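The values are calculated or read from the model by the stated rules, or taken from the named source; none is laboratory data. Model, not experiment: these values are computed from the prediction. When we count neighbours, we look across all protein chains shown, and the Cβ atoms used for this are built from the backbone with ideal geometry, even at glycine. Keep in mind that these areas ignore ligands, DNA and RNA; they rest on the heavy atoms of the full protein, side chains included. Shrake-Rupley method; radii C 1.70, N 1.55, O 1.52, S 1.80 Å.
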Amino acid sequence: MAIRLWVFAGALALFLGYLPGVSGALYYDDYSNLEGLSSVVDAESAYQFVFGGHAGPLGRPVALASFLPMADGWPGNSEIGLAVNVAIHVANFLLIFCLGRLLLARARLVDANMVGHVALAGAFLWAVLPILASTSLILIQRMTGLSAFFGLIGLVGYVYGYRWAERSPYLGAFLQLSVLGLMTIASVFSKESGALIPVFALLLDMLCRRGDVSLNRAAHLRTAVLVLVSLCVFYRISPFELNYFAFSDFRGYSVGQRVVTEVVILWEYLLRAFLPMQPTAFGPFHDYYGVRTVDGQFYLALGGWVALVVTAFLLRTRAPQFLFAVAWFFVGHLIESTVVMLELYFEHRNYLAIWGFCLFFSCLAFQAGSRVGRVAVFGFAAYCALVWALLFSMTSLWGHQSLAAETWAAKHPGSARAALHAVFIEMGKGSPDAAHDGNERYIEGERLTYALKVLKRTMGACPDCVDIRMQALLLACRLGETQDQVDLYSTLMENLESGKVTSSAITLTFDAATLAGRGGCSEVSGQHMGALFEQLRENPALEFPLFSAKLYFSQAMLAEAANDWGEVKGILDRAKSESNESIPILQYQVYAALESKDYEYGYRALADRSGSNDQGVTSLLPALRQQLDAASGGEF
């Protein structure tokens, strides 16, 4: 009964520690991955949203489906979404506790009367680590939390299933693997890193059967299945599947450079996780993290890992928890921190990976000798309380949108995302009092001036960041800063093909087309802006059909502003040839046909999509045809 009260108290403390953060902002990937949520109005649009994801190779439909209840009020109901994220994290805390308790009891790693307390302490430490906060406080990172949720259910079911296997070996093994398999599928379709769940299960299996000499054929078969699945995961990241010598134009570094960098980053993760110094050390913005070279720091980091692994192996009999913690950490980083060409640094990659060390430290505290036992336990409790206080301070910062944006922009001057986020937050702030006093124009000018100052500071730290210069150009146009417009446009054109660029630049092209199209840039005409878009298309980071279609859309907007419908239709035809399933391009083609009264062009656009395999496109065709029929009088 006592342990249940402690579990409840831990869950409540965890929820309260995260509560200030639910009033936080939306971030870069939130908008790009959930942009279609506000368009969900029926079953067909819901299907399109859920199965049209582009965050990973599998689309992550399970995670996207969890956002559907938010469709009606999106994006104004983001607080509810963040609260759901926190609830998932609390649920994962409970699952981690159950997994730890089952593991400790099955592997006999601690005295039976301490199993619950050790598991709970390790789970609570894991749950309050500030390095994991971004998983819950960045809305789209629900993908990580939800993937872990399903994976943990599978792992808990797998370890609990040893009881079934004791009664009926083959049926028990089948049930263990079935639960694990089903939950792994759900985990993978939430986020692809869920493929690591069977590898985690193999580690648990090795620890649980340690010293057991009475293993039957069913047990060996069960282990063989886990080994086979794990080998498939290793194959996926092996040189047989990936080119280890490739250089990524999209990322700007090679596989080798990434591996060298990750050797150092993994130590940073570990040290920041358990030695968190200040709340501002953690945040959403690490896009400026550069590749490392093979220098003294790399050799020191590599030597440290070798020493850690060798020590853990030598102590495998006396301290199997230590070897388990090291192995669990490496497995957790197999996909996202090795040769797969993702961004270099993200805190949420530690979400499951860090638990092994939390459990190990908890075991150390509770297994200390009789003389220091109580001191160690109280010291561990005090450490957890300190970490919770740091977490609370950190989530309070996240919940204060303007302060957080300003703090991160100042602390990470090389982050293009941090600068753009600070600008968007500042420009989006309401000011009723100012409006009442008639000072709204002055207040708006002050905001824009502050935003331009932030962007210029970031340009100094990241001179080839295209997104930053594009946003700065738009602000210079709105402020009427003619010399800034000339300078920024000139440097943009020099850096567009090879500069650092993210999908934010695509979003900015819509604003740029609107502003330049109505003459809002005194020194940058619509023709100049169109040339900028064409140059931007050559950047390797944007060589994807979705990005290309959006760039064409922006170019068509410029041509429409000049009332050149022939150019509009030519641009849209090029867009259609590259992205035949793009609904916005199809809608724009019909709109152009209606506005220019070239109905034949509209019907031809519909005919070109008549054989489409995209349900969203085919469901839209009848309504678009009705619009053309109504306008043309049914002549075609």
request  = Compare the Cα positions of C98, A593, A133 along the charge dipole of the chain (+1 at Cβ of Lys, Arg; -1 at Cβ of Asp, Glu; about the Cα centre) and return the one farthest towards the positive end.
outcome  = C98
ask   = When ligands, DNA and RNA are left out and all protein chains stay put, how many square angstrom of accessible area per residue does region 10-137 have with a 1.4 Å probe?
value = 37 Å²
key: Residues with amide H under 5 Å from that of Y253, placed H, sequence gap 5 or more   = S248
ask   = Of the accessible area of the chain, with the probe set at 1.4 angstrom, what percent is carbon plus sulfur?
value = 61 percent
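Any chance you could run the full-extension gain for E446 through A112? It's 0.36 nm times the residue separation minus the Cα-Cα distance, nm to one decimal. Display every interim value, and only then the final one.
On the way: separation 334, 0.36 × 334 = 120.24 nm, distance 6.47 nm.
Here the answer is 113.8 nm.
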note = Between the alpha carbon centres of region 459-516 and region 47-103 the gap in Å comes to 34 Å
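Based on DSSP H runs of at least 4 residues, each adding -39500 (n - 2.57), what is the mean residue ellipticity at 222 nm of the chain after dividing by all its residues, to the nearest 500 deg cm²/dmol? Mind dumping the intermediate values first?
On the way: 30 runs with 432 residues, N = 636.
Per the formula, -22000 deg cm²/dmol.
With +1 on each Lys and Arg Cβ and -1 on each Asp and Glu Cβ, and nothing else charged, work out how big the dipole of the chain is about its Cα centre, in Debye to the nearest 20. Provide the component values of the computation, followed by the final result.
Values: 44 positive and 53 negative charges, 752 e Å.
Once rounded to the nearest 20, the dipole reads 3620 debye.
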message = Quick check: net charge around A419, other residues with Cβ under 15 Å of its Cβ, Lys/Arg +1 and Asp/Glu -1?
response = +3
task = Roll a 1.4 Å probe over the protein chains and send me the accessible area per residue for region 548-629 in Å².
result = 44 Å²
message = Ordering K576, K411 by accessible area with a probe of 1.4 Å, largest first, what comes out?
response = K411, K576
message = Between 0 and 90 degrees, rounded to the nearest ten: what's the tilt of helix 466-479 against the longest Cα principal axis of the chain?
response = 50 degrees
query = So, counting K/R as plus one and D/E as minus one, what does the shell of residues with Cβ under 13 Å around H333 add up to?
reply = -2
note = Taking Cα atoms, the helix 2-18 axis meets the longest principal axis of the chain at an angle in degrees (rounded to 10) of 20 degrees
note = So the angle from the long Cα axis of helix 217-236 to the longest Cα principal axis of the chain, reported in degrees to the nearest 10, equals 30 degrees
inquiry  = I want to check the label-to-label distance for A630 and F544. Put each point 7 Å from Cα in the C-beta direction and report it in nm to one decimal.
reply    = 3.6 nm
